[in-house]
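The values are calculated or read from the model by the stated rules, or taken from the named source; none is laboratory data. The structure displayed is predicted, hence computed values, not measured ones. With ideal geometry, Cβ positions are generated from the backbone for all residues, glycine too; neighbour counts draw on all protein chains shown.
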Amino acid sequence: MAVDEDSTTSSGFSQSLERGLGILSTFTETTPVLGIAEVSRAVALNKSTTYRYVATLARLGYLQQDPETKKYSLGPRVVDLGFAAINALEINRAAAPYLQALADETGYTVSMAVLDGTDIIYVERRRSCRSSGGLAMALNLHVGSRLPAYCTSMGKVLLAYQEPAVLRGLLDRTDFARRGPKTLTNREQLTAALARIRQSGVAVNDEELAAGLRSVAAPVRDRTGRVVAAINIAVHLTVWSTTADAVVSRLERPLRHSAAEISNRLGYR
């Protein structure tokens, strides 16, 4: 029986998202082109509700409509998502042993992230047997966590290597809210910091995300030389009370080495 309601939500669950993904899932290898009536039957929604979801997905590029038949097929953004998922899996497989080795060598938590708009998404985290879990618990960080790019070391690395026009667009959408005692809340300051990162190849976060947190990050490149991810080593003042320069001096060499090894595994020479 078709459902008339547009969407409802409950704690931690989005019915609208579920329905949108359900509509995308109806397009398969055996049914690559569908009309509204066919989609409506497949997802058990009435035609008007189905049309609203399909029209939204088409406007966002996840579906595309044939102007003659008026039927729909998967759009280019779904293809982009597929390639992104494949790339993320490839990067994770290549990086995992090197990240674990780096965590064991330094004794600190090591992470890897990719850029998604103005945020970073954690795609890997590794702790050594000597690592303290306090920092991760305090910030509730795990694979899948999102943080603003502008106030994180990995985010600054990923922003630094964007094309100028892309970077301008991302900074236009950044709110520059103060997150830690030393957050760069000025666009010009961040732009200057990104220029220095492009020159040095290393980014430092000195209590920009949270009080007491310092981290050092380096880029990971694919076979074309494009920066596709960043890795970092995070240190908390409760674990190592020293200067940011001392943190960089101690951790930069193994961090660079691990980033180079992962890039090499991805085909970068």
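At-a-glance table
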quantity	calculated
Yes/no for residue 138 being modelled with pLDDT under 95, over 12 Å from the mean Cα position of the chain (by Cα), surrounded by 18 or more Cβ atoms within 10 Å (Cβ to Cβ) and of a type outside the set (Phe, Trp, Tyr)	no
Test: residue 106 is surrounded by 17 or more Cβ atoms within 10 Å (Cβ to Cβ), in contact with a Pro (Cβ under 9 Å, 6 or more places away or on another chain) and over 23 Å from residue 236 (Cα atoms)	no
Selection within the range 190-215 - assigned to a strand (DSSP E or B), under 22 Å from residue 116 (Cβ atoms) and touching a Ser or Thr at 6+ places or on another chain (Cβ under 9 Å)	203, 205, 215
Residue in the range 114-134 that is at pLDDT 95 or above and assigned to a strand (DSSP E or B) present	no
Pairs, first at pLDDT below 85 in the range 66-86, second surrounded by 12 or more Cβ atoms within 10 Å (Cβ to Cβ) and hydroxyl-bearing (Ser, Thr, Tyr), C-beta under 9 Å, six or more apart	76/62; 77/62; 78/62; 81/62
Residue under evaluation residue 178, criteria (1) assigned to a loop (DSSP other than H, G, I, E, B); (2) at pLDDT 95 or above; (3) in contact with a Gly (Cβ under 8 Å, 6 or more places away or on another chain), criterion not met	(3)
Residue that is surrounded by the fewest Cβ atoms within 10 Å (Cβ to Cβ), among those in the range 194-211 that are of a type outside the set (Asp, Glu) and out of contact with any strand residue (DSSP E or B) (no Cβ under 8 Å at 6 or more places or on another chain)	199
Among the residues listed as 214, 253, the single one being loosely packed, with under 15 Cβ neighbours inside 10 Å and farther than 19 Å from residue 161 by Cβ	253
So residue 159, is it under 20 Å from residue 178 (Cα atoms), in the same structural domain as residue 101 (by TED's automatic domain parsing) and modelled with pLDDT under 95	no
Selected residue [within 29 Å of the chain's Cα centre (by Cα) and at pLDDT 75 or above] from 20, 12	20
Test: residue in the range 224-232 that is touching a Ser or Thr at 6+ places or on another chain (Cβ under 6 Å) and surrounded by 15 or more Cβ atoms within 10 Å (Cβ to Cβ)	yes
Residue list for the range 102-115, filter: under 9 Å from the mean Cα position of the chain (by Cα) and more than 12 Å from residue 150 (Cα to Cα)	113, 114
The range 233-250: number of residues that are surrounded by fewer than 13 Cβ atoms within 10 Å (Cβ to Cβ) and touching a residue at least 60 places away in the same chain (Cβ under 8 Å)	1
Test: residue in the range 161-175 that is at positive phi and touching a residue at least 24 places away in the same chain (Cβ under 8 Å)	no
